[in-house]
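The values are calculated or read from the model by the stated rules, or taken from the named source; none is laboratory data. Values in this document were obtained by computation on a predicted structure and should not be read as measured data. All Cβ positions, glycine included, derive from the backbone under ideal geometry; neighbour counts span all protein chains shown.
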Amino acid sequence: MLPRANTPLLDQRVAALQDLFAHIAATRMDGVPILKPELRVQAVGFEPAADATAGVGVLITPWFMNLVWLPTDPESADTTAPGATRERCVGNEVFPFIGAHERGFGRYEVCSLFSPMFEFADHDAALATALAVLEELRKPATVPPSAPDRSRRALLLGRGGAGSLR
């Protein structure tokens, strides 16, 4: 497991995010054919971002696995408008995040890692993948990057530059 910082406000937002998507799974997504029933909603490994106004972690659901940029204060946060894209640094990599908003929860940003989730045998496999991605992203850079392939697929397939999975 990854170490956790003592961040009560971030912990509250992560719990609310997980509750929100558990509710979405039970309502809006109920019966949708792309669901992998062996999976459940789980927010994994959220840690403060470099500017400490947001946390970054992975959200696993039965239909997707996303990196999530989660502002600790959704009302005053500098977040991307819903549907718009912004590049954000996570560790030594840069990813495109898409702005999102849920009524009663506020704004956040997502970067898709997997969707749909059929390639995972069970929740433990999805969780292990989420933890491996976060561990890799949080490694310190060992060599300066030289125009790495910054795509999500390159990161996941081990072709990403300084922080790649090798």
Hey, does segment 133-153 have a residue that's buried (at least 18 other Cβ atoms within 10 Å of the Cβ), among the hydrophobic types (A, V, I, L, M, F, W, C), in contact with a helix residue (DSSP H, G or I) (Cβ under 6 Å, 6 or more places away or on another chain) and modelled with pLDDT of 95 or more? no
Can you find a residue that is part of a loop (DSSP other than H, G, I, E, B), at pLDDT 95 or above and within 23 Å of residue 119 (Cα to Cα) anywhere in segment 41-48? yes
Selected residue (only one of 18, 12 is within 15 Å of the chain's Cα centre (by Cα), polar (S, T, N, Q), in a helix (DSSP H, G or I) and modelled with pLDDT of 95 or more): 18
Of everything in segment 76-107 that's among the hydroxyl-bearing types (Ser, Thr, Tyr) and modelled with pLDDT under 95, which residue is surrounded by the most Cβ atoms within 10 Å (Cβ to Cβ)? 79
So, in segment 16-71, exactly how many residues are in contact with a helix residue (DSSP H, G or I) (Cβ under 7 Å, 6 or more places away or on another chain) and of a type in the set (Ser, Thr, Tyr)? 1
May I ask you to say which residue of 57, 106, 45, 91 is at positive phi, touching a residue at least 12 places away in the same chain (Cβ under 8 Å) and under 11 Å from the mean Cα position of the chain (by Cα)? 45
